[in-house]
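Colleague: Dumping the structure here so I can ask a few things about it.
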Amino acid sequence: MDRTSIGVGLIGCGTVGTGVLRLLSHEDEIRARVGCSLRVHKIAVRDLEAERDDVVDKSLLTTSVSDVLTHPEIDVVVEVMGGIEPARRVVADALKHGKQVVTANKALLAAHGDVLLSYADQHDLDLMFEASVAGGIPVIRALRSSLASDRVQSIHGIINGTSNYVLTEVEQSGASLDEVVKEAQKLGYAEADPSADVDGFDAAAKLQILMCLAFGTSVTQATPEVRSIVPLCSIDFEYARSFGYRIKPLAVARKDGDQIEAWVGPALVPEEHVLAGVSGVYNACYLNSQAVGPLLFYGQGAGMMATAVSVVADVIDTSRNLIAGATGRRQPAAETGASILVVDSGRSARPHYLRLTVEDRPGVLGRIATALGAHQISIQSLVQDDHRPNTNAEIMILTHDVLGSDVMKAVAEIDRSADVRAATLVLPIEDPERA
Ligand SMILES: NC(=O)c1ccc[n+]([C@@H]2O[C@H](COP(=O)([O-])OP(=O)(O)OC[C@H]3O[C@@H](n4cnc5c(N)ncnc54)[C@H](OP(=O)(O)O)[C@@H]3O)[C@@H](O)[C@H]2O)c1
């Protein structure tokens, strides 16, 4: 198709939308890379009076989403409004109007991705979402294109910058998790309601997207087990280090035959592993693939410009497809998913870290060891910390390989005993190199 320009419409002009406009303002470079210019025709927002960056052409603003969706010169709609509704309706309507769609919205994809992707597929339209996982890190494109001939065996991600920042600060400052979350809110690293980040739901939505591309699972229905980082405290980091580990907020999907073990939550990682060094707001994705072996993707998982780079990469990609008359190209992983069962971490054997808060009196250790032994849980290391300023003692235990489900049964029993003063913390020890 011989074109002089491709029309773009934005739904949303907040953090990411503004970054997108800044990158699209590099007109000469974009034209050279796409083969024609990309021209923004309309930008839908909620509030026409809100203060905007200088890069925003105010004459293009509208509060009517349908001005964007029905604009005859707009070929590509960029959804950067966030949330599930009305974003679902906006994306569905954009596709119904025959527009190519780019979105950064992981929550939307995790909730409605199957329907939206299959509609786009049936109508030979592009629905692209590089920025929905790990912001500026091009891991979606790697799964869709670079690894299209390979078989991914496992994904280990640190894909929520807020929880990684919080755990890094607790480890480094010794402050409580609650204090660090409040500080992160002041600095703008955590939302007013931080639960999607600290309780793991944001990372779970991103893992659903990665699993869909890597393993062909349903993006909507293949949901991982989710555990919060909230019960952790600084003593856990001290003892994890003394045992040779670091604690990281992981998102894990591991394929074994026709099962995928998938979970999100804090876990101990061997300190020599590359993921142990991923700190602060940084994200990483460590893939193990059958033919190519291990791959590490590392970088900024959020932020205006990093995220905008991924959004504009998709806009450029779909524009090239439009020029070539090749939109709606097949996604590599669309074939096998239906027969794959997603299971939780309880079914596989690995070492675990336990922190028990018990009354400091004789015989407690023996009773705990007996209760663990009754569930075939053997102890690799045990340390008692009774130097805290209260009458309780904390016991840190590292187990040998044991089924997660057995650990949970034993801990439920132990926590019912009169010796125990607070719920026992259980963290898996995850070695990304384990086959
Ligand atoms: N921020 C990041 O670092 C980051 C990273 C990766 C992915 N993402 C994803 O990117 C998306 C956008 O995030 P953001 O941080 O840019 O959000 P944001 O700063 O809150 O911006 C949202 C924009 O959408 C507009 N909007 C909201 N509801 C609307 C409606 N009903 N009609 C028209 N416009 C509406 C808002 O208009 P007003 O300006 O008038 O309020 C605002 O311009 C989200 O899906 C998010 O998960 C963000």
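Condition check ((1) in contact with a Pro (Cβ under 7 Å, 6 or more places away or on another chain); (2) polar (S, T, N, Q); (3) under 29 Å from Lys248 (Cα atoms); (4) modelled with pLDDT under 95) across all residues:
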position: Arg89; (1), (2), (3), (4): no, no, no, no
position: Asp93; (1), (2), (3), (4): no, no, no, no
position: Ile140; (1), (2), (3), (4): no, no, yes, no
position: Val166; (1), (2), (3), (4): no, no, yes, no
position: Ser173; (1), (2), (3), (4): no, yes, yes, no
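Colleague: Within the range 193-248, considering only helices (runs of 4 or more DSSP H) that don't extend past its boundaries, which have at least 1 residues that are in contact with a Pro (Cβ under 6 Å, 6 or more places away or on another chain)?
Modeller: In the range 193-248, 201-215 are the helices (runs of 4 or more DSSP H) which contain 1 or more residues that are in contact with a Pro (Cβ under 6 Å, 6 or more places away or on another chain).
Colleague: Pick from Leu213, Leu207, Leu268, Leu250: which is away from the ligand (no atom under 16 Å from the Cβ), within 27 Å of Val343 (Cα to Cα), out of contact with any helix residue (DSSP H, G or I) (no Cβ under 6 Å at 6 or more places or on another chain) and not aromatic (Phe, Trp, Tyr)?
Modeller: Testing whether each residue is away from the ligand (no atom under 16 Å from the Cβ), within 27 Å of Val343 (Cα to Cα), out of contact with any helix residue (DSSP H, G or I) (no Cβ under 6 Å at 6 or more places or on another chain) and not aromatic (Phe, Trp, Tyr) leaves just Leu250.
Colleague: Which members of the range 298-327 meet the condition of being of a type in the set (A, V, I, L, M, F, W, C), in contact with a Gly (Cβ under 9 Å, 6 or more places away or on another chain) and within 16 Å of the ligand (Cβ to nearest atom)?
Modeller: Hits for the range 298-327 are Ala302, Met304, Met305, Ala306, Ala308, Val309, Val311, Val312.
Colleague: Could you look through the range 111-140, keep only residues that are touching a Ser or Thr at 6+ places or on another chain (Cβ under 6 Å) and part of a helix (DSSP H, G or I), and pick out the one that is farthest from the ligand (Cβ to nearest atom)?
Modeller: Out of the qualifying residues, it is Asp114.
Colleague: Conditions: (1) among the hydrophobic types (A, V, I, L, M, F, W, C); (2) within 20 Å of Gly265 (Cα to Cα); (3) more than 16 Å from the ligand (Cβ to nearest atom). Val152 meets all but one. Number of the miss?
Modeller: With (1) among the hydrophobic types (A, V, I, L, M, F, W, C); (2) within 20 Å of Gly265 (Cα to Cα); (3) more than 16 Å from the ligand (Cβ to nearest atom) applied to Val152, the lone miss is (2).
Colleague: Of all residues in the range 39-67, which are more than 9 Å from the ligand (Cβ to nearest atom) and closer than 21 Å to Ala308 by Cα?
Modeller: Arg39, Val40, His41, Lys42, Glu51, Asp53, Asp54, Val55, Val56, Asp57, Lys58, Leu60
Colleague: Let me ask you something else. Go through (1) within 14 Å of the ligand (Cβ to nearest atom); (2) free of Cβ contacts under 8 Å to residues at least 60 places away in the same chain; (3) touching a His at 6+ places or on another chain (Cβ under 9 Å) one by one and return the number of the condition Val77 breaks.
Modeller: Checking Val77 against (1) within 14 Å of the ligand (Cβ to nearest atom); (2) free of Cβ contacts under 8 Å to residues at least 60 places away in the same chain; (3) touching a His at 6+ places or on another chain (Cβ under 9 Å), the one that fails is (2).
Colleague: Here's a follow-up. What strands (runs of 3 or more DSSP E) lie completely within the range 29-110 and have 1 or more residues being closer than 11 Å to Cys13 by Cα?
Modeller: Where strands (runs of 3 or more DSSP E) fall fully within the range 29-110 and carry at least 1 residues being closer than 11 Å to Cys13 by Cα, they are 37-44, 76-79.
The values are calculated or read from the model by the stated rules, or taken from the named source; none is laboratory data. Everything numeric here is computed off the predicted structure, so don't read it as measured data. Ideal geometry is used to build each Cβ from the backbone, glycine not excepted, and the neighbour counts take in all protein chains shown.
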